[in-house]
Amino acid sequence: QVQVVESGGGLVQAGGSLRLSCTASGFTFDDYAMGWFRQAPGKEREGVSCINWSGTGTWYADSVMGRFTISRDNAKNTLYLEMDSVMPEDTAIYYCAADVGCPVFTSGRLLRPDARYWGQGTQVTVSS
């Protein structure tokens, strides 16, 4: 069966760093663009970052540009999100997703919360 499992969330102080991981199984990992989304209480789920199948193209939300780095290791069926210089506004449940509409090489677009497969999420809390 398909499994998408996030890990690495937790409590971190503002200005610190955190690394999220997402391990996938049950589908051909490198067939799909992968993405990270987040949802804070009372807010809509938003796209944070995504990466194409090969890792050669990425997209970032303006709010995380320059602070977060997405990467993937297709040999390990694993997606990563390196979060640096975190801020309280980054507090949310972070979700990993497969087969996203990653707008690489396309200007003026957002990463919409549509995907084929979703993980259950991992909580990231940033204290001030």
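The values are calculated or read from the model by the stated rules, or taken from the named source; none is laboratory data. Remember, predicted model here, so these are calculated numbers, not experimental data. Backbone-built Cβ (ideal geometry, glycine too); neighbour counts: all protein chains shown. To get the accessible areas, we keep the full protein, side chains included, count just its heavy atoms, and leave off ligands, DNA and RNA. Shrake-Rupley method; radii C 1.70, N 1.55, O 1.52, S 1.80 Å.
Mean separation of Cα pairs under 8 Å and 6 or more residues apart, divided by the residue count, gives the chain a relative contact order of 35 percent.
Which FRET efficiency value, to the nearest 0.05, is calculated for residue 114 and residue 14 with the Förster distance at 25 angstrom and r the Cβ-Cβ distance? Write out the running numbers ahead of the final one.
Details: r = 31 Å, r/R0 = 1.25.
For residue 114 and residue 14, the calculated efficiency is 0.20.
With all protein chains kept in place, the per residue accessible area of the chain amounts to 52 square angstrom at a probe of 1.4 angstrom.
A simple rule links phi to the HN-Hα coupling: the Karplus curve 6.51 cos²θ - 1.76 cosθ + 1.60 with θ = phi - 60°, which for the stretch 56-73 gives 8, x, 9, 9, 9, 5, 4, 5, 10, 4, x, 10, 10, 9, 9, 8, 9, 10 Hz, with x for Gly and Pro. Pairs of Cα atoms nearer than 8 Å and 6+ residues apart set the relative contact order; for the stretch 78-128 it is 48 percent. Surface composition of the chain: carbon plus sulfur atoms hold 46% of the accessible area, using a 1.4 angstrom probe and ignoring ligands, DNA and RNA.
So for the stretch 22-66, averaging the separation of alpha carbon pairs under 8 Å that are six or more residues apart and normalising by length, what relative contact order in percent results? It would help to have the intermediate numbers written out before the result.
Details: 48 pairs, mean separation 13.0, N = 45.
Dividing the mean separation by the residue count of the stretch 22-66 yields 29 percent.
For the stretch 27-43, the Karplus equation 6.51 cos²θ - 1.76 cosθ + 1.60, evaluated at θ = phi - 60°, returns couplings of 8, 7, 4, 7, 7, 10, 5, 10, x, 10, 10, 9, 9, 8, x, x, 10 Hz by residue, with Gly and Pro reported as x.
If you average over every viewing direction, what projected area does the convex hull of the Cα atoms of the stretch 71-120 give, in nm²?
Working: hull surface 19.6 nm².
Approximately 4.9 nm², given one-decimal rounding.
Extension gain, residue 71-residue 1: 0.36 nm per intervening residue step, less the Cα-Cα distance, totals 22.8 nm.
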